[in-house]
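Reviewing the structure listed below.
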Amino acid sequence: MEVNARRLVGRSAVITGGASGIGLAAARRLAAEGAHVVVADLNPAAGEAAAEEVGGLFVRTDVADEADVIALYAATYEAYGSVDVAFNNAGINPTDDGSILDTGIDAWRRVQEVNLTSVFHCCKHAIPYMREQGRGSIINTASFVAVMGAATSQISYSASKGGVLSMSRELGVQFAREGIRVNALCPGPVNTPLLQELFAADPEQAQRRLVHVPAGRFAEPEEIAAAVAFLASDDASFVNAATFLVDGGIAGAYVTPV
Ligand code: NAD
């Protein structure tokens, strides 16, 4: 994808889960638009490599650990003097999370910690910097499953993303007059390692889902990153507290083309 826009020159952008998939694509895109990118991830090898590639900073972070998150924004502020964009994107979709009838409490708790409590920590500790600056854009990765039900249930995951969606909306409303926008990015299925792992073993599982996508394919991470860049930038100055679907039309579909 060719990038001509330079909408983020001089802004700092913290990306959790920036070592892979959507986060990595966003790191590349935001850097291409001029941002100072901070890659925050559990994975030091991939995280260092991503940060080096985009000329940014890597901070090893477990987003479920509040102390790590506090240190992440402190490191960002120290390096770049501001916290302008927080893309709270790290998340897990483990195979032991399925039907409510089969999913144990340990899987449930782990998914809530990594997908939902992490966003609580990240927003709680990014917002004070943004209030001080009178400016900031927070983008929390929810999912289209926050607004749609699936018979192929991953109950902990869906519930965690519903939480991310309503938390984002509420924060967007609360801080709107302080120059802070908070949006929930809701991607449809994206061609990332997370999804590839899930479907590699069983192509029928992929087909079962593809039939519901009007576009007839899954998204590429770069297409989600383009939406992140928009939401991060002043082009989205009146986009706030939104359920920002980037799903190829899934949530609008009843019968799809054959
Ligand atoms: P991915 O597995 O490719 O990347 C996730 C990254 O998060 C990895 O680099 C991993 O190391 C990191 N991570 C995991 N746990 C962490 C933790 N505790 N602390 C810090 N980093 C951690 O996944 P992806 O497909 O790019 O997904 C990114 C986000 O998008 C997730 O929140 C996911 O739920 C969401 N999402 C994905 C899809 C999809 O189809 N891939 C669709 C909708 C939403």
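Side notes on the structure shown:
- Screening A49 with (1) crowded, with 17+ Cβ neighbours inside 10 Å; (2) within 13 Å of the ligand (Cβ to nearest atom) gives one miss only, at (1).
- Applying the criterion of at least 3 residues that are more than 10 Å from the ligand (Cβ to nearest atom) to the helices (runs of 4 or more DSSP H) found wholly in the range 146-222 leaves 155-174, 203-210.
- Test: residue in the range 17-25 that is among the hydrophobic types (A, V, I, L, M, F, W, C), at pLDDT 95 or above and surrounded by fewer than 20 Cβ atoms within 10 Å (Cβ to Cβ): no
- Taking every residue in the range 87-105 that is in contact (Cβ under 8 Å) with a residue 40 or more places away in the chain and more than 24 Å from L72 (Cα to Cα) and pairing it with any residue that is in a loop (DSSP other than H, G, I, E, B) and within 13 Å of the ligand (Cβ to nearest atom), at least 6 positions away or on another chain, the pairs with Cβ-Cβ distances below 7 Å are D97/Q154; G98/Q154; T103/D97.
- Qualifying residue in the range 126-135 (condition: touching a helix residue (DSSP H, G or I) at 6+ places or on another chain (Cβ under 8 Å) and farther than 30 Å from R7 by Cα): no
- From the list V111, V83, V37, the one residue that fits, being closer than 19 Å to Y129 by Cβ, of a type in the set (A, V, I, L, M, F, W, C), crowded, with 24+ Cβ neighbours inside 10 Å and touching a Ser or Thr at 6+ places or on another chain (Cβ under 7 Å), is V83.
- Against the list (1) over 25 Å from G18 (Cα atoms); (2) in contact with a strand residue (DSSP E or B) (Cβ under 6 Å, 6 or more places away or on another chain), the condition G149 fails is (2).
- When F230, F238 are screened for being part of a loop (DSSP other than H, G, I, E, B) and under 30 Å from R135 (Cα atoms), only F238 passes.
- For the range 55-106, filtering for residues that are assigned to a loop (DSSP other than H, G, I, E, B) and over 18 Å from the mean Cα position of the chain (by Cα) leaves 14.
- Cβ-Cβ under 9 Å pairs, at least 6 apart or on other chains, the range 163-175 side in contact (Cβ under 8 Å) with a residue 40 or more places away in the chain, far side of a type in the set (F, W, Y): G163/F120; M167/F120
- Condition check for N115: within 14 Å of the ligand (Cβ to nearest atom), outside any strand (DSSP E or B), under 20 Å from G21 (Cβ atoms) and touching a residue at least 40 places away in the same chain (Cβ under 8 Å): yes
- Among the residues of the range 166-196, those that are closer than 20 Å to H121 by Cα and crowded, with 20+ Cβ neighbours inside 10 Å comprise S168, L171, G172, F175, I180, R181, V182, N183, A184, L185, C186.
- Of all residues making up the range 1-44, the number that are more than 16 Å from the ligand (Cβ to nearest atom) and either part of a loop (DSSP other than H, G, I, E, B) or not aliphatic (A, V, I, L, M) (or both): 16
- Flag if T76 is in contact with a helix residue (DSSP H, G or I) (Cβ under 6 Å, 6 or more places away or on another chain) and farther than 30 Å from A251 by Cα: no
- Count of residues meeting criterion [away from the ligand (no atom under 12 Å from the Cβ), among the small types (G, A, S) and more than 21 Å from A226 (Cβ to Cβ)] in the range 52-74: 3
The values are calculated or read from the model by the stated rules, or taken from the named source; none is laboratory data. None of the values given here were measured: they were computed from a predicted structure. Don't worry about glycine lacking a Cβ; one is built from the backbone with ideal geometry, like all the others, and counts go over all protein chains shown.
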